[in-house]
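The values are calculated or read from the model by the stated rules, or taken from the named source; none is laboratory data. None of the values given here were measured: they were computed from a predicted structure. Cβ: placed from backbone, ideal geometry, glycine included. Neighbour counts: every protein chain shown.
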Amino acid sequence: MGLFIVVSYYSGTAEGSKEHPQSTVLISDWSICLQPGTRKTMNDSSKLLLQRIVRRIPVQMLKTTLDKWGRLTAEQRQAIDFTQSKWALTQKLQSFCEENEVTLTRLAELEMIHVIENPNQGMWYTFQLLDPEDDAQSLELSEFKQQFKCHLSELLRQVSVKIKKHTDEAVWIRIAWGGSFSKPNHLKPTYVVHHLQTPYFFVRNLTSKLKPLLSQALTLATRHQGVKEANLSGRNLASIRDLLMRQYQHVFPTKYPSPHDEEDQPVLNQHIEKEQGHVATHRRRMAREVFGDGTLPQLQSAVYKLDTKFKDPSNRTMTEREDTFKCVVKFSSTNLLESLRSCASSGIASAPVTPLLSSIPLKGRNYFVVTDNTPGPSSQRH
Amino acid sequence: MSRLNPFAKLPGLNAASVLLVENEEHFQQSLAEALVKETSVTVNVRLAKSFPLPVENDESRPRIDLVVFIINLTSELSFQSAEASLKYLEPGYFLGKVCFMVSNARSSSVPAERLDAVRRLAASLHCPLLFAEDQTQQGVTNAAERLLTILKVAAGFVPFTTSLCLSNLTRSTLPPDIDQPSFD
């Protein structure tokens, strides 16, 4: 990917032209340094990327993100007036980047910092790695980084990868994909989040064409033998991670519930008494056992793809058909688990909670295929 | 099968007890809070989802003067649950100590047959049928006021009037054109 250009310097001295020793210069980014001392102008792709980054980041966060990036000097940072319009900011930043000769990959770093701080845009999809080899548990970050970059560039030559380790042990990977003859497209990067030694990774913005490449590279780099879709998707990265790793407040079934569970009951007037209060308490307890207590991870939807025979005694024509009735049921909400829990505790959903609903937190999935053979949603959790 | 008996216990002093039975357990809460605001009489409200009532409470339960079945017309289950609960009451209750309260009758999603079915039920049992609006505070207060009128008679606080006497005046009757199709 580098271009060797031989530049010969001729010094015009009075003694006549003498050829200076040749100097070879390795050029990347197609920007040619004509003479030492002039500033490079940013090429179009860098300009576009910078424009897009400035547009995407809200002004309040722009200052902190630029500080974290660290590619601007202190005076440059002081000189930026954040009350200007975004276009003016872009121009200013462009001139600073040209001054500091910031490359495309450094700009990508800026975008990555912003995305790491605000991961909740776009949809994250989960994948699960299968069949770990014996030494998968002892995988180290440096090895993983090297292996992953190596495997991915073997599969696709034109690809730009950036790996960063976040403070909470998550490894963030930013991939800009190119084609066989085109340079990596930094405007549509894929982000991958993986916690080492766990079998899951979360992907955002990956096309189906490139999915096998990424899966192969990750599988090999993490020393597993297979990968499959984990059927869990959501906007909030921390939530789907917490759901999968079961990191929310659980309520365990006990024979003698403690009296402090009764505290949630609204204090009724002493003249109002419930005849069947224990039924409501029992229902609430079961709902909390299935879905958890306190704040629940935010899921936006649950999709059930039904491939079952139509069953309705009052509709003979449909029931008599031989083939299965295919339909898709989608539940959506701003916080799906919270709403399912309150459905179960208020009695709208019958208690005990049906396995179709309880599989969502239990198996950590929100896409199910239901067929007639299985009594509940298909596929087991490993 | 133990039924609820209207005259098996002694009444409380200056107290009236009402049992609100509702399948959804939603309207009964706000209605109960409006009912206990009454000052001249101590009103005890018991809330239930459906019959049979739990046997453990039989001892501590006061004498129930009035049983109110709250039916949400938008739900068929509500009506069926109320109908199924009727057999757990002693016949003595149907002499003016049972009342039906219906909510969401104005909703357009309610099939006309359901309201007719409720009317027929109330008329066959000679019970009053009240319509309530449960979404606003004013509606709840109005419903509570009307219930209190019937409750005071049923508990014996109104001289020279018994619940049987009142039920002759307030009982639901079927409109003569109930079997005609309606103009919706």
Residue set B:Gly96, B:Gly92; condition buried (at least 23 other Cβ atoms within 10 Å of the Cβ) and away from chain A (no Cβ under 12 Å); output residue B:Gly96
Single residue of A:Trp87, A:Trp172, A:Trp177 found to be outside the structural domain of A:Arg223 (by TED's automatic domain parsing) and at pLDDT 85 or above
A:Trp87
Restricting attention to the stretch B:24-63, and to residues there that are facing another protein chain (nearest Cβ under 9 Å) and touching a helix residue (DSSP H, G or I) at 6+ places or on another chain (Cβ under 6 Å), which single residue is surrounded by the fewest Cβ atoms within 10 Å (Cβ to Cβ)?
B:Ser50
So in the stretch A:277-308, with the set limited to residues that are touching a strand residue (DSSP E or B) at 6+ places or on another chain (Cβ under 9 Å) and modelled with pLDDT under 85, which one is nearest to A:Arg235 (Cα to Cα)?
A:Ala280
For the stretch A:235-244, which positions are farther than 18 Å from A:Thr167 by Cα and more than 10 Å from the chain's Cα centre (by Cα)?
A:Leu243, A:Leu244
Subset of the stretch B:88-116 [within 11 Å of the chain's Cα centre (by Cα) and of a type outside the set (Phe, Trp, Tyr)]
B:Gly96, B:Lys97, B:Val98, B:Cys99, B:Met101, B:Val102
Restricting to the stretch B:121-138, name every residue that is in a helix (DSSP H, G or I) and closer than 17 Å to B:Val68 by Cα.
B:Leu121, B:Ala122, B:Ala123, B:Ser124
Would it be correct to say that A:Glu99 is at pLDDT below 90, more than 20 Å from the chain's Cα centre (by Cα) and surrounded by fewer than 17 Cβ atoms within 10 Å (Cβ to Cβ)?
yes
Among the listed residues A:Arg285, A:Arg316, identify the single one that is surrounded by 11 or more Cβ atoms within 10 Å (Cβ to Cβ) and of a type in the set (D, E, K, R).
A:Arg285
With criteria (1) farther than 25 Å from A:Gln60 by Cβ; (2) at pLDDT 90 or above, A:Trp124 comes up short on (1)
Extreme residue, nearest to B:Thr39 (Cα to Cα), among residues of the stretch B:112-148 that are free of Cβ contacts under 8 Å to residues at least 12 places away in the same chain and of a type in the set (D, E, K, R)
B:Glu145
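What do you reckon, is A:Leu72 part of a helix (DSSP H, G or I) and either of a type outside the set (D, E, K, R) or in contact with a Cys (Cβ under 9 Å, 6 or more places away or on another chain) (or both)?
Numbers: part of a helix (DSSP H, G or I): no; either of a type outside the set (D, E, K, R) or in contact with a Cys (Cβ under 9 Å, 6 or more places away or on another chain) (or both): yes.
No, not satisfied.
If the requirement is being touching a Pro at 6+ places or on another chain (Cβ under 9 Å), surrounded by fewer than 18 Cβ atoms within 10 Å (Cβ to Cβ) and among the polar types (S, T, N, Q), which of these qualifies: B:Ser17, B:Ser2?
Values: B:Ser17 fails: surrounded by fewer than 18 Cβ atoms within 10 Å (Cβ to Cβ).
Checking each option against the conditions leaves just B:Ser2.
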Can you give me the number of residues within the stretch A:340-363 that are surrounded by fewer than 17 Cβ atoms within 10 Å (Cβ to Cβ) and of a type outside the set (A, V, I, L, M, F, W, C)?
6
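A quick yes/no check of all residues on (1) within 33 Å of the chain's Cα centre (by Cα); (2) of a type in the set (A, V, I, L, M, F, W, C); (3) part of a loop (DSSP other than H, G, I, E, B):
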site: A:Val290; (1), (2), (3): yes, yes, no
site: A:Pro297; (1), (2), (3): yes, no, yes
site: A:Asp307; (1), (2), (3): yes, no, no
site: A:Phe310; (1), (2), (3): no, yes, yes
site: A:Arg321; (1), (2), (3): no, no, yes
site: A:Cys327; (1), (2), (3): yes, yes, no
site: A:Leu337; (1), (2), (3): yes, yes, no
site: A:Arg341; (1), (2), (3): yes, no, no
site: A:Ser350; (1), (2), (3): no, no, yes
A:Gln247 passes all but one of (1) surrounded by 21 or more Cβ atoms within 10 Å (Cβ to Cβ); (2) assigned to a loop (DSSP other than H, G, I, E, B); which number fails?
(1)
List the residue pairs whose Cβ atoms are under 7 Å apart, where the first residue sits in the stretch A:80-100 and is farther than 17 Å from A:Lys63 by Cβ, the second is loosely packed, with under 14 Cβ neighbours inside 10 Å, and the two are 6 or more positions apart or on different chains.
A:Glu98/A:Arg39; A:Glu98/A:Thr41; A:Glu99/A:Arg39
Among the candidates A:Gln84, A:Gln146, A:Gln158, A:Gln137, residue that is more than 30 Å from A:Ser233 (Cα to Cα) and out of contact with any Asp or Glu (no Cβ under 8 Å at 6 or more places or on another chain):
A:Gln84
